[in-house]
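The values are calculated or read from the model by the stated rules, or taken from the named source; none is laboratory data. None of the values given here were measured: they were computed from a predicted structure. In this analysis, Cβ positions are derived from the backbone assuming ideal geometry, glycine residues included, and neighbour counts consider all displayed protein chains. Ligands, DNA and RNA are excluded from the accessible area calculation, which covers all protein heavy atoms including side chains. Shrake-Rupley method; radii C 1.70, N 1.55, O 1.52, S 1.80 Å.
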Amino acid sequence: MAANSSAVEDPIVKALQEYTTCDVSDALVKLNHPNGGFLPGITMWSPHRQDGPTKIVGPAYTVQYAPKDDERPKWPSHYIDSVPTGAVVFVTSSRSTSNALYGGLMSTRAKASGAVGSVIDGRFRDLQEQKDLDYPVFARDVGTTPPGSLLKVVAVNEPVRVGNDGQDIVINPGDYLVGDVNGVVALPKGLAEQALPLMAKQVEADSKMAVEIQKGMTFTEASKKFRS
């Protein structure tokens with residue numbers, strides 16, 4: 001799914017369109033960013049299940065769910081009505097739950113607002129509806145039960161912590177989220193300008209390596225020649 005015109009106005013978003021999530025992680029590893037920014041366990045579900053050229057790139061619009069007994073008050077309005085054009089909706093919960101955090105009407109509204117996709121750090125539902133919308137959704141799994149009986153939204157467009165799979169990652173509003181068939185990577189906004197030249201250099205080197213390896217050069221030789 002191509003980024004909309006508003007998102008492309010951000011030069012970082014426009015530049016990131018040229019690279020895969022693997023390219024982004026390679027650059028972040030070189031910058032000593034933990035885990036190369038990879039968000040493990042989150043994969044593409046819509047518009048296709050782990051297949052095709054679908055790619056999302058955009059600044060994170062963050063949403064934090066918490067248990068109903070959390071001391072923080074429930075967010076006074078629905079987060080989905082404030083999604084900026086060009087954003088990637090990122091939804092997480094402070095406690096693991098089997099309830100879905102996100103559904104088809106959320107994608108309907110997000111798409112109408114110009115969002116480029118949604119990343120759910122948990123379950124989502126209405127899978128066929130999502131696919132029919134041709135709207136990109138990346139998530140941990142699917143479910144059927146809505147969140148309202150157990151959870152409430154307590155923060156919108158504030159820093160959120162992702163603590164699943166042994167990771168301890170903070171995603172700030174405006175950090176760049178990049179998703180494709182390989183998974184989802186969070187690129188901190190403050191590292192983006194440093195990371196992009198590293199991506200360009202790595203991709204150029206790997207392209208030259210591929211050509212020579214196809215001609216018979218060993219990987220070790222090609223790596224020494226082009227990556228050193």
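Hey, among ILE56, ILE80, ILE120, which residue is over 14 Å from the mean Cα position of the chain (by Cα) and either charged (D, E, K, R) or modelled with pLDDT of 95 or more (or both)? Talk me through it step by step, then tell me what you get.
Working: ILE56 fails: over 14 Å from the mean Cα position of the chain (by Cα); ILE120 fails: over 14 Å from the mean Cα position of the chain (by Cα).
Just one listed residue meets the conditions, ILE80.
Just to be sure I understand, how many residues within region 199-228 are in a helix (DSSP H, G or I) and basic (Lys, Arg)? Before the answer, list the steps.
Taking region 199-228 as the starting set, the residues that turn out to be in a helix (DSSP H, G or I) are 199-214, 219-226.
From what's left, basic (Lys, Arg): 201, 208, 224-225.
Of the residues in region 199-228, 4 are in a helix (DSSP H, G or I) and basic (Lys, Arg).
For beta carbons closer than 8 Å, sequence separation of 6+ or different chains, a first residue in region 66-83 that is of a type in the set (D, E, K, R) and a second that is in a loop (DSSP other than H, G, I, E, B) and open to solvent by less than 100 Å² (accessible area, probe 1.4 Å), the qualifying pairs are LYS68/LEU150; ASP70/SER94.
Any idea which of PRO159, PRO197, PRO173 is surrounded by 17 or more Cβ atoms within 10 Å (Cβ to Cβ) and over 12 Å from the mean Cα position of the chain (by Cα)? Please lay out each step first, then the result.
Numbers: PRO159 fails: surrounded by 17 or more Cβ atoms within 10 Å (Cβ to Cβ); PRO197 fails: surrounded by 17 or more Cβ atoms within 10 Å (Cβ to Cβ).
None of the other options fit; the residue is PRO173.
Screening GLY190, GLY114 for residues that are open to solvent by less than 40 Å² (accessible area, probe 1.4 Å) and at pLDDT 95 or above leaves exactly one candidate, GLY114.
Please work out which residue is most open to solvent (accessible area, probe 1.4 Å), limiting yourself to region 207-228 and to residues that are of a type outside the set (A, V, I, L, M) and under 22 Å from GLU18 (Cβ atoms). For region 207-228, the residue satisfying everything is ARG227.
For region 101-111, how many residues are surrounded by fewer than 23 Cβ atoms within 10 Å (Cβ to Cβ), hydrophobic (A, V, I, L, M, F, W, C) and within 10 Å of PRO147 (Cβ to Cβ)? Counting residues in region 101-111 that are surrounded by fewer than 23 Cβ atoms within 10 Å (Cβ to Cβ), hydrophobic (A, V, I, L, M, F, W, C) and within 10 Å of PRO147 (Cβ to Cβ) gives 0. Determine, yes or no, whether GLY104 is at negative phi and in contact with an Asp or Glu (Cβ under 9 Å, 6 or more places away or on another chain). Criteria met by GLY104. Being open to solvent by less than 50 Å² (accessible area, probe 1.4 Å) and in a loop (DSSP other than H, G, I, E, B) is the requirement here; does GLY179 meet it? So GLY179 does not fit the description; no. Looking only at residues in region 97-120 that are in a strand (DSSP E or B) and out of contact with any Gly (no Cβ under 9 Å at 6 or more places or on another chain), the one that is nearest to GLN17 (Cα to Cα) is SER118. Close contacts from region 103-120, counting a first residue that is more than 23 Å from VAL13 (Cα to Cα) and a second that is among the acidic types (Asp, Glu) and open to solvent by 20 Å² or more (accessible area, probe 1.4 Å), with Cβ to Cβ under 7 Å and a gap of 6+ residues or different chains, come to GLY103/ASP126; GLY104/ASP126; GLY104/GLU129. Of all the residues in region 121-133, those that are touching a residue at least 12 places away in the same chain (Cβ under 8 Å) and not in a strand (DSSP E or B) number 7. With a requirement of 1 or more residues that are open to solvent by 40 Å² or more (accessible area, probe 1.4 Å) and over 25 Å from ARG109 (Cβ atoms), the helices (runs of 4 or more DSSP H) lying completely within region 1-96 that satisfy it span 11-16, 21-30.
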